[in-house]
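As structure tokens, the structure follows; a few thoughts come after it.
Rule-based calculations on the coordinates, nothing more; no lab input. Model, not experiment: these values are computed from the prediction. Ideal geometry is used to build each Cβ from the backbone, glycine not excepted, and the neighbour counts take in all protein chains shown.
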Amino acid sequence: MKYFVILFLSFMIISCQGQKETNKSGSGMAHSKSSQASPEDFKVNINVLEAKELIATSQEIALLDVRTPEEIAQGKIENAMEIDFSSPDFKDKVSMLDKNKEYIVYCAAGGRSSRAVNIMKEVGFTKAHNLTAGYNGWAKEK
């Protein structure tokens, strides 16, 4: 039994160290626009500063606002496309977007946009980021 515990603990330590190395290499922003980029090269959740950096460094970034029209009427990020997450045909509409583009998706506070990014990944997008602070966080950072 003692050997089993030692073996188990050794395995756990080795596994955690390997995971830390993976996280270190995969946690940075993807600055290269290589066509060989894999989904692991892109962070799914990004904060406002990371979003602004992506927008500033790439003309290819597309912004997608998934809030309701009433919320959008209160303000939005310039040049953002609008697809209401609560509309019954959201998945169909988002599926029609260019799956090869890189997207920053936002709602009011990050919940709906997180679910929207998951749907986008499900239908074949590989470069979709959730703005975790949403429009509310973006507006505070102005």
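Miscellaneous remarks
- 3J(HN,Hα) along region 97-109: 6, 5, 6, 8, 7, 9, 10, 10, 10, 9, 10, 6, 9 Hz, from the Karplus curve 6.51 cos²θ - 1.76 cosθ + 1.60 with θ = phi - 60°, whole Hz, x for Gly and Pro.
- The radius of gyration of the Cα set in region 90-142, together with its Dmax, comes out at 11.3, 33 angstrom.
- Segment K140-E78, length gained on full extension (0.36 nm per residue, minus Cα span): 20.8 nm
- Residues V117, V48, V66, sorted so that the one with the fewest Cβ neighbours within 10 Å comes first: V48, V117, V66
- Built amide H within the under 5 Å cut-off of E102, gap 5+: A62
- Residue order, fewest to most surrounding Cβ atoms within 10 angstrom, among K91, K127: K91, K127
- Kirkwood-based shape ratio for region 34-137, expressed as Rg/Rh from alpha carbons: 0.93
- Full-stretch length increase - R115, T68 - with 0.36 nm per residue and alpha-carbon distance subtracted: 15.4 nm
- Listed by Cβ neighbour count within 10 Å, with the fewest neighbours leading, S87, S113 appear as S87, S113.
- Dipole check for region 41-140: with +1 at the C-beta of Lys and Arg, -1 at the C-beta of Asp and Glu, and the Cα centre as origin, the magnitude is about 240 Debye.
- Local charge for I55 was computed over the other residues whose Cβ lies under 12 Å away, with Lys and Arg +1 and Asp and Glu -1, and equals -4.
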